[in-house]
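To start, the structure under review is shown below, and the notes come after it.
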Amino acid sequence: MSLTMPVQFATSGLLGPPLADLVVSLLVYVVLVAVPIGLVAWLASYLLSLPLRRQERARFFLDLLETALQQGQPVEPTLADIANSRDRSMGVRFHLMAAYLERGLRLGQALQKVPRLLPPQVSAMLRTGEHLGDLRKVLPTCRHLLQDAQSSVRGAANYLVVVALVLSPLAIFIFNVLAIYVFPRFSEMTMDMGEARSPVFEFVRTHIGWLMSAQAGLLGLLLLAALLYVGGPRVAGWFRFASVPVVDWVAWRVPWKRKRMQRNFSAMLALLLDAEVPEPEAVKLAAACAANEIFRRRAARVTEALQRGLKLTEAVQVLDDRGEFRWRLTNATHARGGFFRALAGWHEALDAKAFQEEQAAAHVVTSALVVANGLLVALVAVAVFGALASIIQEGVLW
């Protein structure tokens, strides 16, 4: 007993403090490093996957709709009964839409009351299906439209890397510290020593404010794009004005978005023409499926041309500056099997081109930003180390 006690005390004295320091270090690491990194990663994953969750919610709604149609049940009462089961998988907006259905509204009217339940294009297509009297005809096109979210998520992943590693707010903070504390001190030291300042150092010191402003501007644009990406149609509606539709104008100028508008319009127009809907009305209903004010204004010009007696194949030239849609529609008028089957290949081509252009633009933009940021960092490094080397050399000569 007397021999073991000193050994135990000695052992506890040797291992106690290091073990306690290790536990404290681990706690500090977990609290200050691991937990913040985990929260940031979870938040990034949550925000990045928002379009996919919107896609799955819309897909689930379409599945419920198709099931009701296949069983021969009326759509509005069936959806209201599903909502009364208090299933939370569809979210609050589905139950709000069901409340409007219970008041006697049609499906299209209820979707207009709850615009955030489905993407605007899908809601417009379902209203077109109501006009046709058969919702099942538009369901395949609605499902095909939902695949656009996958391309958006892939492109957003590239921009997320740029924000995290290139245009980080920490980089702007570092440049600000250099401009306020480091560069003035180096300038004073070289002036006291009588050393000629490096041209690179002088350029960076003089223009670092502009360099930081440019980087902050690029970061602001990416953050605005991220806000539109995360917020979806709701946030985009904040910038949509009746007289000046800024968001719609930008979307019309983006090549891949314009191709998807043409795809949606062409698919709905083909269905309406196959159902023998009058051409002016078919153009108007199909243009609503593009969910873009600029596209609707051009479609209104097509409707006016049709009312003046112009052929549809000539009037649609307003919607396609390249003339490809006019050529496709002209060939579809002579094809067998209807407009929708004749234009199916063009719809797939538009979808593939839109995906290719969106991914190519994401890679080009992110690569250009990485190269530009690398050149900026290299320029600052050359200026700092050049000034530091001249100060050391002058000090050695003294």
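The values are calculated or read from the model by the stated rules, or taken from the named source; none is laboratory data. Note that the structure is predicted; figures quoted are calculated from it, not measured. Glycine gets a Cβ as well: all are built from the backbone with ideal geometry, and neighbour counts include every protein chain shown.
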Just the residues that are in contact (Cβ under 8 Å) with a residue 40 or more places away in the chain and buried (at least 24 other Cβ atoms within 10 Å of the Cβ), please, taken from region 273-292. Ala286, Cys289, Ala290, Asn292
Could you list, in sequence order, all residues of region 202-220 that are closer than 15 Å to Val384 by Cβ and more than 30 Å from the chain's Cα centre (by Cα)? Glu202, Phe203, Val204, Arg205, Thr206, His207, Ile208
Scanning for something among the aliphatic types (A, V, I, L, M), part of a loop (DSSP other than H, G, I, E, B) and at pLDDT below 85, does region 312-322 turn up at least one residue? no
Residues that are among the hydroxyl-bearing types (Ser, Thr, Tyr), at pLDDT below 90 and over 26 Å from Gly232 (Cα atoms): list the helices (runs of 4 or more DSSP H) wholly contained in region 72-133 that include at least 1 such residues. 75-84
Take the conditions in contact with a Pro (Cβ under 7 Å, 6 or more places away or on another chain), farther than 26 Å from Gln150 by Cβ, buried (at least 18 other Cβ atoms within 10 Å of the Cβ) and not hydroxyl-bearing (Ser, Thr, Tyr) and apply them to Leu312. Does it pass? no
If we only count helices (runs of 4 or more DSSP H) wholly inside region 216-285, which ones have 3 or more residues that are at pLDDT below 90 and within 21 Å of Gln112 (Cα to Cα)? 233-238
Provide a single number: the residues in region 49-71 that are polar (S, T, N, Q), assigned to a helix (DSSP H, G or I) and either free of Cβ contacts under 8 Å to residues at least 12 places away in the same chain or in contact with an Asp or Glu (Cβ under 6 Å, 6 or more places away or on another chain) (or both). 2
Search result, residues across region 168-200 that are modelled with pLDDT of 70 or more and basic (Lys, Arg): Arg185
Which condition breaks for Trp42 when tested against (1) outside any helix (DSSP H, G or I); (2) at pLDDT 80 or above; (3) among the hydrophobic types (A, V, I, L, M, F, W, C)? (1)
Failed condition for Phe295, given (1) in contact (Cβ under 8 Å) with a residue 60 or more places away in the chain; (2) in a helix (DSSP H, G or I): (1)
How many residues does region 37-63 contain that are surrounded by 11 or more Cβ atoms within 10 Å (Cβ to Cβ) and over 20 Å from Leu228 (Cα atoms)? 6
Kindly establish whether Thr366 is surrounded by 13 or more Cβ atoms within 10 Å (Cβ to Cβ), free of Cβ contacts under 8 Å to residues at least 24 places away in the same chain and among the hydroxyl-bearing types (Ser, Thr, Tyr). no
